[in-house]
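The values are calculated or read from the model by the stated rules, or taken from the named source; none is laboratory data. All of these numbers come straight from a predicted model, not from anything done at the bench. Here Cβ is always computed from backbone atoms with ideal geometry, including for glycine, and neighbour counts include all displayed protein chains. Protein only, heavy atoms only, side chains kept; ligands, DNA and RNA dropped before computing areas. Shrake-Rupley method; radii C 1.70, N 1.55, O 1.52, S 1.80 Å.
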Amino acid sequence: DDLVISKALEYLSQPHDKPQLIVVSVYGPHFPYVAPVDLYKKYLERVKLPRTFYSRPSYNNKVLNFQTNEGISEEKELSILAAYSALVELTDTRLGQVVKAFEEYEAKKGEEGYVAYISDHGDQCGDRSMYGKSSFFEKSVKIPFIIKGPSICKNKVSSSPCSIMDLGP
């Protein structure tokens, strides 16, 4: 991710004559849950076990059974949540650098463009005794979907369900 972000920042620091479509895709936050120590410690003091840590869905599903918290202690779960939370902050910070560089790029060009910040999936992180993305529970499917641009209403929040496929419209 550091390489991707540095290349995006380098690209945005250069002039370009033609209109640009810039896609910056990072891996984080994602398994394995490994985060910088300082951020990890920050969240280790703040995280709590999910209410549903010991609740498993009542139906049998091979995919869901593969990604359960069976054998994971409460201490390990708190460690996972702290690392995941730290990775979310790290990703937000990195992508914030790209948005700032894009705004500076726009200012130099005297043009305004669009920025979209989306994710492909969330992570259960122990909620309902599961990890990963292979469910339609809220933790897996609720993702950031933020758009900024000249024809986008500012500060509008919508609770309507949407998906990545809604980005075009």
Checklist outcome for this item: Result of the Cβ filter at 7 Å on the stretch 2-16, keeping first residues that are over 12 Å from Ala101 (Cα atoms) and partners that are surrounded by 10 or more Cβ atoms within 10 Å (Cβ to Cβ), at least 6 apart or interchain, is Val4/Val24; Val4/Val26
Checklist entry - If we keep just the residues of the stretch 58-86 that are open to solvent by less than 30 Å² (accessible area, probe 1.4 Å) and outside any helix (DSSP H, G or I), which is modelled with the lowest pLDDT? => result Thr68
Item to check | Close pairs from the stretch 84-110: first within 13 Å of Leu9 (Cα to Cα), partner among the polar types (S, T, N, Q) and open to solvent by less than 70 Å² (accessible area, probe 1.4 Å), Cβ under 9 Å, at least 6 apart | outcome: Tyr105/Gln20
Checklist outcome for this item: Within the stretch 134-159, residues being under 25 Å from Thr52 (Cα atoms) and either of a type in the set (S, T, N, Q) or modelled with pLDDT of 80 or more (or both) number 11
Checklist entry - What pairs can you find where one residue is in the stretch 151-164 and assigned to a loop (DSSP other than H, G, I, E, B), the other is hydroxyl-bearing (Ser, Thr, Tyr), and their Cβ atoms are less than 9 Å apart, with a gap of 6+ or different chains? => result Ser151/Tyr114; Ile152/Tyr114
Checklist entry - Among the residues of the stretch 87-142, how many are open to solvent by 40 Å² or more (accessible area, probe 1.4 Å), among the small types (Gly, Ala, Ser) and at negative phi? => result 3
Next on the checklist: I'm checking my understanding of the structure. Among residues of the stretch 119-145 that are in a loop (DSSP other than H, G, I, E, B) and within 12 Å of the chain's Cα centre (by Cα), which one is nearest to Ile72 (Cα to Cα)?
Outcome noted: Asp123
Checklist outcome for this item: Among residues of the stretch 1-49 being of a type in the set (Ser, Thr, Tyr), closer than 30 Å to Glu104 by Cβ and in a loop (DSSP other than H, G, I, E, B), the residue modelled with the highest pLDDT is Ser13
Checklist entry - For Ala107, are the conditions met, namely being in contact with a helix residue (DSSP H, G or I) (Cβ under 8 Å, 6 or more places away or on another chain) and of a type in the set (A, V, I, L, M, F, W, C)? => result no
Item to check | Filtered residues of the stretch 37-50 (kept if within 12 Å of Glu74 (Cα to Cα) and loosely packed, with under 15 Cβ neighbours inside 10 Å) | outcome: Lys48, Leu49
